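Report on the structure given below.
Throughout, read-outs are computed from the coordinates displayed, never taken from laboratory work. On a predicted model such as this, the values are computed, not experimentally measured, just so you know. Cβ placement follows ideal geometry from the backbone for every residue including glycine, while neighbour counts extend to all protein chains displayed.
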Amino acid sequence: MKLSVLSCVSAAVLAVSLGVSHAEAQSRDSIRIVGSSTVFPFTTATAENFGSTSGFRTPVVEATGTGGGMNLFCAGVGLRHPDITGASRRMLPTEFELCRRNGVTAITEVPIGFDGIVVARASGSPDVDFERRELFLALAASIPMPVDAAGEPVFSASGEMLPGKDFNNVAAYSCDAFIPNPHRLWSDISNDLPADRIEVLGPPPTSGTRDSWIELGIHPGARQIECLNALADSDEDRFEEVASRMREDGPWIDSGENDNVIVQTIANSGTAFGVFGYSYLEQNADRLTAAAVEGVAPEYDDISEGVYPIARSMFVYVKNQHVAAVPGIAEWVEELTSEDAFGPFGYLADRGLVALPEGERDAVREQARSLTPMEGVEAH
């Protein structure tokens with residue numbers, strides 16, 4: 001009885017502080033979690049385990065994408081807004097400021113582990129090893145002008161092959177001009193790649209996976225081209241403009257926030273690749289095979305140790321101002337950061353989460369369970 005009275009008082013106090021009615025403060029008795037489709041399997045597994053063992057209601061989990069989740073999370077304080085969001089990248093400074101402007105002033109950041117972004121296709125396909133430079137040249141909307149050994153253009157300004165030229169004439173690239181991406185086959189880029197049509201299904205711009213794919217895959221690939229590396233140093237804005245825009249003429253296909261849709265599509269395709277988080281590869285190992293990237297396959301230890309080139313951290317963000325009003329938030333955070341969940345042999349590892357090193361897990365656990373608020377976000 002005392003607990004119910006205290007809960008009612010806490011909710012009433014919070015209602016006053018949020019400017020909402022007591023009825024609204026009492027209207028939700030389960031945690032609401034939004035965010036990254038890559039983090040979704042981990043927050044869902046934690047929610048299901050929490051609901052079955054804790055005595056609290058099972059949290060409601062929605063895959064909205066990292067950017068969409070941040071917009072929902074930062075829209076305000078009050079029980080019509082979510083309590084927690086998952087992110088496949090760190091919160092951006094602009095998102096932190098959006099939260100603050102809307103009164104979300106106490107946020108706890110919880111790094112939960114690592115993930116690798118994989119480039120995969122149907123099992124039984126021949127092995128492929130991509131250089132990130134090749135991924136940029138295949139998927140960027142525009143590329144520097146390909147030139148021959150004498151420095152002469154191989155294409156017209158509109159991207160048409162010049163008479164008497166072919167892809168074998170390409171010896172380098174000139175940033176004096178940029179052309180619409182002319183590559184249609186992987187073998188147009190390198191004779192070491194298959195003579196298959198370039199077709200890659202990947203996340204949309206609202207996805208944190210897309211952000212990480214650009215930051216860790218496409219941008220480094222662009223910088224492996226000499227003139228673009230110089231451009232990145234001399235004119236960062238121009239480099240960002242060139243190196244961040246993906247093709248819209250067919251070879252790259254935005255496929256929504258649900259990575260399972262990408263998995264289903266490529267598992268039934270002979271040549272199409274998909275770009276998604278390692279956890280989806282782990283869960284579909286019988287149907288998919290992953291390409292190596294610069295000689296490294298996306299495997300657990302290589303992701304954990306940062307050897308795999310396209311690896312990143314996963315995050316959960318908690319709205320501390322909702323803890324007093326929504327039952328179970330603190331207890332859910334405790335479940336998430338338990339060894340049984342995010343440890344190397346925990347049930348999230350079975351879903352594909354690559355665990356933090358032990359010392360980092362201890363530090364994260366202490367910070368998360370004390371609900372230590374973030375002080376700010378550095379630009380990155």
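May I ask you to sort 119, 170 by Cβ crowding, counting other Cβ atoms within 10 Å and putting the fewest first?
Lowest count first: 170, 119.
Put one equal scatterer on each alpha carbon of the chain, apply the Debye formula with no solvent term, and list log10 I(q)/I(0) at q = 0.08, 0.14 1/Å to two decimals.
Normalising to I(0) and taking log10 leaves -0.47, -1.14.
Residue by residue through region 85-100, what is 3J(HN,Hα) from phi via Karplus (6.51 cos²θ - 1.76 cosθ + 1.60, θ = phi - 60°)? Round to whole Hz and write x for glycine and proline.
In residue order, the calculated couplings are 9, x, 9, 9, 7, 6, 3, 7, x, 5, 6, 4, 5, 4, 4, 4 Hz.
Nearest 5 is fine: what % of DSSP beta bridges in the chain come out antiparallel, could you say?
Given both bridge residues lie in the chain, the antiparallel proportion sits at roughly 75 percent.
If amide hydrogens are placed 1.01 Å from N in the peptide plane, which non-local residues have theirs closer than 5 Å to the one on residue 374?
So residue 374 has HN proximity to 107, 108, 109.
Would you list 62, 248, 339 from fewest to most Cβ contacts within 10 Å?
The fewest-first ordering by Cβ neighbours comes to 248, 339, 62.
In what sequence do 254, 211 fall when counting other Cβ within 10 Å, fewest first?
The fewest-first ordering by Cβ neighbours comes to 254, 211.
Spelling out what I want: for every residue of region 327-332, take phi, set θ = phi - 60°, compute 6.51 cos²θ - 1.76 cosθ + 1.60 (Karplus), and round to whole Hz; glycine and proline get x.
x, x, 4, 4, 5, 5
Tell me, what ³J(HN,Hα) does each residue in region 244-251 have, in order and in whole Hz, if you take phi through Karplus 6.51 cos²θ - 1.76 cosθ + 1.60 with θ = phi - 60° and put x for Gly and Pro?
Residue by residue, region 244-251 yields 9, 8, 8, 4, 10, 10, x, x Hz.
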